[in-house]
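Participant: Okay, handing you the structure first.
The values are calculated or read from the model by the stated rules, or taken from the named source; none is laboratory data. Not measured: the values here are computed from a predicted model. Neighbour counts are summed over all protein chains in view; Cβ atoms, including those assigned to glycine, are modelled from backbone coordinates with ideal geometry.
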Amino acid sequence: MIINDVVNHVSKALSENFPKHKIYKEAVKQGSKMPCFFVICTNFSDECYRGSRYRVRVDIGVYYYPENTDNMQTEVNSLIPGIYKALEYVPLDDRVMRGVDRKIENMEDCICFNVAFEHFYIRENPVDNMGKLNIKEVNVNG
């Protein structure tokens, strides 16, 4: 599934760039270790572009929760360049997907880094062939 693949590869890119931070891909009600990242799919679309060519877009929200919210802005400001770098290009199977529409939103107790990944694919539509058509030639001129 493309959504899980993108979430997994985004999580891997974050863990490679921020090895001291815990990365979560599922909601944790209690016991999460701070500082940490939560990676979730916020939106998904799969639309026909032209003919049998389709465009997939996966919007990802990366939520960062600092260890201490007292000096959160200073900590966040030091992480922003690394987050942008980590999520600019993300390998996915046999291709590399580029993160687009990247932006940071400040929230009350965390920040949210939004990024989208798009790619095209060809959808093969099976064609039902008609049955055999037999034609008999008739000479009308004689």
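Participant: Without any contact (Cβ under 8 Å) to a residue 12 or more places away in the chain and farther than 18 Å from Asn4 by Cα, is that true of Leu133? Break it down stepwise before answering.
Facilitator: Numbers: without any contact (Cβ under 8 Å) to a residue 12 or more places away in the chain: yes; farther than 18 Å from Asn4 by Cα: yes.
Spelling it out, Leu133 is indeed without any contact (Cβ under 8 Å) to a residue 12 or more places away in the chain and farther than 18 Å from Asn4 by Cα.
Participant: Quick one: count up the residues across the stretch 102-117 that are part of a strand (DSSP E or B) and in contact (Cβ under 8 Å) with a residue 40 or more places away in the chain.
Facilitator: Going residue by residue through the stretch 102-117, those that are part of a strand (DSSP E or B) are 102-106, 111-117.
From what is left, the residues that are in contact (Cβ under 8 Å) with a residue 40 or more places away in the chain are 111-117.
Final tally of qualifying residues: 7.
Participant: Identify, please: which residue in the stretch 102-121 is at pLDDT 90 or above and of a type in the set (A, V, I, L, M) and is, among those, farthest from Tyr63 (Cα to Cα)?
Facilitator: Ala116
Participant: Evaluate the stretch 78-88: report whether one residue or more is closer than 16 Å to Asn114 by Cβ, in a strand (DSSP E or B) and under 20 Å from the mean Cα position of the chain (by Cα).
Facilitator: No, every residue in the stretch 78-88 fails to be closer than 16 Å to Asn114 by Cβ, in a strand (DSSP E or B) and under 20 Å from the mean Cα position of the chain (by Cα).
Participant: Working only within the stretch 1-19, note down all residues that are of a type in the set (A, V, I, L, M) and assigned to a helix (DSSP H, G or I).
Facilitator: Here is the first cut: in the stretch 1-19, the ones of a type in the set (A, V, I, L, M) are 1-3, 6-7, 10, 13-14.
Passing the criteria: Ile2, Ile3, Val6, Val7, Val10, Ala13, Leu14.
Participant: Right, next: Got a sec? Which of Val58, Val76, Val39, Val62 is closer than 25 Å to Lys20 by Cβ, in contact with a Cys (Cβ under 8 Å, 6 or more places away or on another chain), among the β-branched types (Val, Ile, Thr) and at pLDDT 85 or above? Walk me through how you get there before you give the answer.
Facilitator: Details: Val58 fails: closer than 25 Å to Lys20 by Cβ; Val76 fails: in contact with a Cys (Cβ under 8 Å, 6 or more places away or on another chain); Val39 fails: in contact with a Cys (Cβ under 8 Å, 6 or more places away or on another chain).
Just a single option satisfies the conditions, and that option is Val62.
Participant: Now for a separate question. Report yes if Leu92 is crowded, with 16+ Cβ neighbours inside 10 Å, among the aliphatic types (A, V, I, L, M), in contact with a Phe, Trp or Tyr (Cβ under 9 Å, 6 or more places away or on another chain) and closer than 18 Å to Val7 by Cα, otherwise no. Explain how you work it out, then say what you get.
Facilitator: Working: crowded, with 16+ Cβ neighbours inside 10 Å: yes; among the aliphatic types (A, V, I, L, M): yes; in contact with a Phe, Trp or Tyr (Cβ under 9 Å, 6 or more places away or on another chain): yes; closer than 18 Å to Val7 by Cα: yes.
Yes; evaluated as a whole, the condition is true for this residue.
Participant: Mind listing just one residue for me: the one in the stretch 4-32 that is exposed (fewer than 14 other Cβ atoms within 10 Å of the Cβ) and in contact with a Phe, Trp or Tyr (Cβ under 9 Å, 6 or more places away or on another chain) and, of those, modelled with the highest pLDDT?
Facilitator: Going through the qualifying residues, I end up with Glu26.
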